[in-house]
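Before any comments, here is the structure.
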Ligand code: ZN
């Protein structure tokens with residue numbers, strides 16, 4: 001039925017995509033409001049460093065997230081960069097209509113598998129979010145729009161409010177999103193509860209269900225297992241991962257949480273293992289330094305920046321031609 005081919009035992013994918021989500025997941029959970037000018041520079045430099053998928057913001061009311069009030073402007077700018085897939089987050093139909101009007105390439109609709117997190121964060125039950133995705137799909141099709149719909153199932157490994165989240169419920173909701181018209185689905189460890197064994201088990205089941213429509217793994221490094229979790233997902237054939245430059249971000253409902261897996265550390269791990277990403281890691285490290293300057297006073301994470309690349313790193317042949 002689907003053409004997704006899991007790798008043979010022990011084999012890793014030849015290439016993988018690192019999707020930058022720092023401008024959304026990162027910036028939404030820190031106090032500093034980054035100037036639009038700096039966000040534009042970030043997007044331009046990330047693209048120059050080889051990033052080809054960037055989530056530039058979120059279509060939520062500016063009174064809720066003033067940090068992301070310039071999303072439409074950023075979509076318009078990002079769409080001028082060649083070969084860039086421009087993503088935004090949309091919490092509801094109204095946000096989706098804005099994403100369609102802005103001609104974003106992809107809109108991510110978050111769903112929390114934890115009912116408690118869903119009510120706290122989205123003020124809807126998970127099944128009400130599924131119904132909203134059906135309305136978004138109808139609106140997208142009626143508009144003749146090509147904006148892809150990604151259903152992102154969050155708190156897939158547990159939740160700070162509810163505790164355990166049942167894997168069967170996660171997969172039921174993922175299937176419901178596909179049935180409601182999502183073009184893609186993803187799984188997110190929103191609060192950093194996953195370990196590699198959990199990831200391997202859940203992602204294996206998820207990719208079997210969704211096939212080619214399984215799109216992305218989203219891991220937070222809250223407890224230091226972010227990259228290990230990426231590795232477990234690679235082992236079952238997942239080839240796209242969300243990451244934040246400098247590991248910025250966290251979750252308003254997960255006090256003390258560090259951010260996503262850091263873009264530069266992930267690019268290094270993949271490159272070191274010979275998995276092609278098209279990323280120039282020196283350029284990412286230089287950009288990290290600029291972002292750190294713009295976000296003075298905020299805590300950044302990640303490790304590679306401290307010591308830099310090892311002499312043995314096979315950098316030049318992995319790089320995208322300028
Ligand atoms: Zn996240």
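The values are calculated or read from the model by the stated rules, or taken from the named source; none is laboratory data. As the structure is a prediction and not an experimental result, all values here were calculated from the model. All Cβ positions, glycine included, derive from the backbone under ideal geometry; neighbour counts span all protein chains shown.
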query = If residue 71 satisfies every condition in (1) surrounded by 22 or more Cβ atoms within 10 Å (Cβ to Cβ); (2) over 23 Å from residue 270 (Cβ atoms); (3) within 16 Å of the ligand (Cβ to nearest atom) but one, which is the exception?
reply = (3)
message = If I ask for residues that are in contact (Cβ under 8 Å) with a residue 24 or more places away in the chain and away from the ligand (no atom under 16 Å from the Cβ), which ones from segment 147-165 would you list?
response = 147, 148, 149, 162
ask   = Taking segment 184-193 as the region of interest, how many residues are within 16 Å of the chain's Cα centre (by Cα) and more than 12 Å from the ligand (Cβ to nearest atom)?
value = 2
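Only one residue in 81, 93, 119 is more than 18 Å from the chain's Cα centre (by Cα) and within 19 Å of residue 163 (Cα to Cα). Which one? I'd like the intermediate steps shown before the answer.
Numbers: 81 fails: within 19 Å of residue 163 (Cα to Cα); 93 fails: within 19 Å of residue 163 (Cα to Cα).
After applying the criteria, what remains is 119.
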key: residue 88, sole failed condition from (1) in contact with a helix residue (DSSP H, G or I) (Cβ under 7 Å, 6 or more places away or on another chain); (2) surrounded by fewer than 18 Cβ atoms within 10 Å (Cβ to Cβ); (3) touching a residue at least 60 places away in the same chain (Cβ under 8 Å)   = (2)
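When you scan segment 248-322 for helices (runs of 4 or more DSSP H) that lie fully inside it, which ones turn up with 3 or more residues that are modelled with pLDDT of 90 or more and touching a strand residue (DSSP E or B) at 6+ places or on another chain (Cβ under 8 Å)? Reasoning before the result, please.
Details: elements: 263-272, 281-294, 304-307.
Here the list reads 263-272.
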ask   = Quick one: residue 222 ticks every box in (1) surrounded by 19 or more Cβ atoms within 10 Å (Cβ to Cβ); (2) at pLDDT 95 or above; (3) farther than 26 Å from residue 128 by Cβ bar one, so which box is it?
value = (2)
ask   = For segment 170-178, does any single residue satisfy the condition of being touching a helix residue (DSSP H, G or I) at 6+ places or on another chain (Cβ under 8 Å) and within 16 Å of the ligand (Cβ to nearest atom)?
value = yes
Top-ranked residue of segment 208-224 - restricted to ones that are more than 13 Å from residue 266 (Cβ to Cβ) and touching a helix residue (DSSP H, G or I) at 6+ places or on another chain (Cβ under 9 Å), ranked as nearest to the ligand (Cβ to nearest atom) = 214
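Out of contact with any strand residue (DSSP E or B) (no Cβ under 8 Å at 6 or more places or on another chain), modelled with pLDDT of 95 or more, under 22 Å from residue 150 (Cβ atoms) and away from the ligand (no atom under 13 Å from the Cβ): does that describe residue 205? Steps first, answer last, please.
Values: out of contact with any strand residue (DSSP E or B) (no Cβ under 8 Å at 6 or more places or on another chain): yes; modelled with pLDDT of 95 or more: yes; under 22 Å from residue 150 (Cβ atoms): yes; away from the ligand (no atom under 13 Å from the Cβ): yes.
Yes; evaluated as a whole, the condition is true for this residue.
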